[in-house]
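Computed from the coordinates by the stated procedures, all read-outs in this text should not be read as laboratory data. Please read all numbers here as calculations on a predicted model, not as lab measurements. Note that we place each Cβ from the backbone using ideal geometry, even for glycine, and neighbour counts take in every protein chain shown.
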Amino acid sequence: MDSLTPSQLEVAAAFHLPLGLAASPTRLQVHHFRGGQPYWTVEVSDLIKNPIETQSSHPNRGEPKERVEVWGLTGWYLFQFMKALKIYE
């Protein structure tokens, strides 16, 4: 992971997320993208090396910048993958 150079315009941070952590109920929060079907976001602030340097994952929620989540299209894909594995119901 250290050798990856993500696009600063598209990626806030690149990190390793074990599936066990992605399934942890304490990390999950329901999100409705544009009022559509709900999916789980995954709170990952503790997995990011420098969370203060990243942007807030949901700027409209007014949460502190230290909170970082897997959300948006990445969160939706993770949600669909975990549903296919029958980890998320």
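Points to keep in mind about this one:
- Taking amide hydrogens as placed 1.01 Å from N in the peptide plane, the amide H of residue 42 sits under 5 Å from those of 70, each at least 5 positions away in sequence or on another chain.
- Highest mean first, the peptides 30-37, 75-82, 2-9, 15-22 sorted by other C-beta atoms within 10 Å per residue fall in the order 75-82, 15-22, 30-37, 2-9.
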